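Chemist: Quick one: this structure, given as structure tokens, is what I'll be asking you about.
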Amino acid sequence: MKYTALFLILFSSLITYAQSKNQIDQQALQQTQELMKNPTERNKAISQDPNAQGTDKMVKDLMGANSEEMYKAAADFMPYVVEKGKGDPNKMNEFIQQALRDPAAFEKDLPSDLKEKISSLAKKAKPLPQAGDNKVKTP
């Protein structure tokens with residue numbers, strides 16, 4: 001469950017990206033998923049956004065060699081987040097913020113395939129820093 005919050009932090013950055021659009025349609029969702037799965041294009045986008053750079057560093061620090069798997073899983077989560085926010089970036093952000101406040105409730109309501117992805121990633125992640133350690137910050 002503690003790694004659910006990390007996953008949600010990654011989504012916070014995606015929502016920031018999505019807020020540049022008024023409504024997330026199927027094409028925008030597909031483009032965002034492709035961006036998440038394509039390291040070259042993703043790195044180009046990250047290089048242009050300081051918030052994305054911070055999130056990317058955090059993902060790499062915690063996931064190490066499994067960072068790419070984290071981004072692919074995040075792309076798989078996008079349809080769920082878009083559905084929960086009804087395509088509205090502000091509602092999507094509200095959904096993510098609520099999930100950050102209560103990751104256990106968020107995880108409880110996830111479809112089983114998405115729960116399995118988080119569980120698999122959690123097994124591959126490095127230990128989270130201890131409370132008071134300032135290495136991991138939300139973007």
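Chemist: Do we have any residue at all in the range 60-81 that's under 20 Å from Leu121 (Cβ atoms), in contact with a Phe, Trp or Tyr (Cβ under 9 Å, 6 or more places away or on another chain) and free of Cβ contacts under 8 Å to residues at least 60 places away in the same chain?
Modeler: Scanning the range 60-81 turns up no residue that is under 20 Å from Leu121 (Cβ atoms), in contact with a Phe, Trp or Tyr (Cβ under 9 Å, 6 or more places away or on another chain) and free of Cβ contacts under 8 Å to residues at least 60 places away in the same chain.
Chemist: Condition first: closer than 20 Å to Pro111 by Cβ and surrounded by fewer than 20 Cβ atoms within 10 Å (Cβ to Cβ). Now tell me which residues in the range 38-70 satisfy that.
Modeler: Scanning the range 38-70 gives a single hit, Glu69.
Chemist: Search the range 123-135 for residues being at pLDDT 85 or above and surrounded by 12 or more Cβ atoms within 10 Å (Cβ to Cβ), and hand back the single one that is farthest from Met58 (Cα to Cα).
Modeler: Lys124
Chemist: Now a separate question. Among the residues of the range 71-99, count how many are surrounded by fewer than 18 Cβ atoms within 10 Å (Cβ to Cβ) and closer than 12 Å to Lys117 by Cβ.
Modeler: The total comes to 3.
Chemist: Can you pull out the residues in the range 1-51 that are at pLDDT 90 or above and either outside any helix (DSSP H, G or I) or within 17 Å of Pro89 (Cα to Cα) (or both)?
Modeler: Once the filter is applied, which keeps residues that are at pLDDT 90 or above and either outside any helix (DSSP H, G or I) or within 17 Å of Pro89 (Cα to Cα) (or both), the range 1-51 yields Asn38, Gln48.
Chemist: For Pro89, which of the numbered conditions (1) in contact with a helix residue (DSSP H, G or I) (Cβ under 6 Å, 6 or more places away or on another chain); (2) modelled with pLDDT of 85 or more; (3) under 20 Å from Gln26 (Cα atoms) fails to hold?
Modeler: For Pro89, the failing item is (2).
Chemist: Is it true that Asp56 is in a helix (DSSP H, G or I), in contact (Cβ under 8 Å) with a residue 24 or more places away in the chain and not hydroxyl-bearing (Ser, Thr, Tyr)?
Modeler: No, not satisfied.
The values are calculated or read from the model by the stated rules, or taken from the named source; none is laboratory data. Since the structure is predicted, the reported quantities are computational estimates derived from the model, not experimental observations. Positions of Cβ are generated from backbone atoms using ideal geometry, with glycine treated the same way; all protein chains shown enter the neighbour counts.
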